[in-house]
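The values are calculated or read from the model by the stated rules, or taken from the named source; none is laboratory data. A quick note: this is a predicted structure, and the numbers were derived from the prediction, not measured. Positions of Cβ are backbone-derived with ideal geometry, glycine not excepted, and every protein chain shown enters the neighbour counts. Just so you know, the surface numbers come from the protein's heavy atoms only, side chains and all, with ligands and any DNA or RNA stripped out. Shrake-Rupley method; radii C 1.70, N 1.55, O 1.52, S 1.80 Å.
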Amino acid sequence: GISRQGVWDNIRRADAALHDARKRGRSSIAAADATILERDLEEYIWKKEFDSGNTDIDIQHRALMFTGRQLTDLARSGASFSEILPVVEQLMAEVSDHFAYEEDVLFQAKYPEYKQHCKIHQKLLGKLAFLRDSYQRQQIKSPVYFRFMTEELVLTHLLTDDMRFFPY
């Protein structure tokens, strides 16, 4: 499974790399520890216990996990910027569409934590947009960046925050 501590360690490394890049100024590139991508990618395989009970949301969650795995595989293989950027854009689009759909479902279900869940989505989309923009400007070139995108956004959010609304 996913260790919460491991996720936060990765995010701290990514934040440190971003801070270093900002200190060096425009067009600088920051790198963090590449060993972070060497973990087993078993967590990107859909398991029955991930099912929400909503077929459309489950299909979207599976797609997000697939794209997250694809992105991590590309980063591990040393793929070029031009190979990785379309997958980053794809993940951003999938996440944005998924959040909008999920928020509609939660609103219709009168989910009691609807507003808080929407705020989580906004925060994650903001972080993702910032990292995507930094990557597009080639200010960051860090494997930890991809771990944020895949772990915090896809796995941690899917497997913790989203599981709270499954009973609804």
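Select, from 65, 92, the only residue that is out of contact with any Gly (no Cβ under 6 Å at 6 or more places or on another chain), touching a residue at least 60 places away in the same chain (Cβ under 8 Å) and surrounded by 15 or more Cβ atoms within 10 Å (Cβ to Cβ).
65
Okay, residues lined up against (1) farther than 18 Å from residue 73 by Cβ; (2) open to solvent by 10 Å² or more (accessible area, probe 1.4 Å); (3) at pLDDT 85 or above:
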site	(1), (2), (3)
114	yes, yes, yes
117	yes, no, yes
121	yes, no, yes
145	no, no, no
163	yes, yes, no
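Return the total of residues in region 76-109 being closer than 18 Å to residue 136 by Cα and either over 14 Å from the mean Cα position of the chain (by Cα) or of a type in the set (Phe, Trp, Tyr) (or both).
Matching residues across region 76-109 total 9.
Does region 79-91 contain any residue that is of a type in the set (Phe, Trp, Tyr) and at pLDDT 85 or above?
no
Which of the residues belonging to region 46-62 are open to solvent by 60 Å² or more (accessible area, probe 1.4 Å) and closer than 18 Å to residue 103 by Cα?
53, 55, 56, 59, 62
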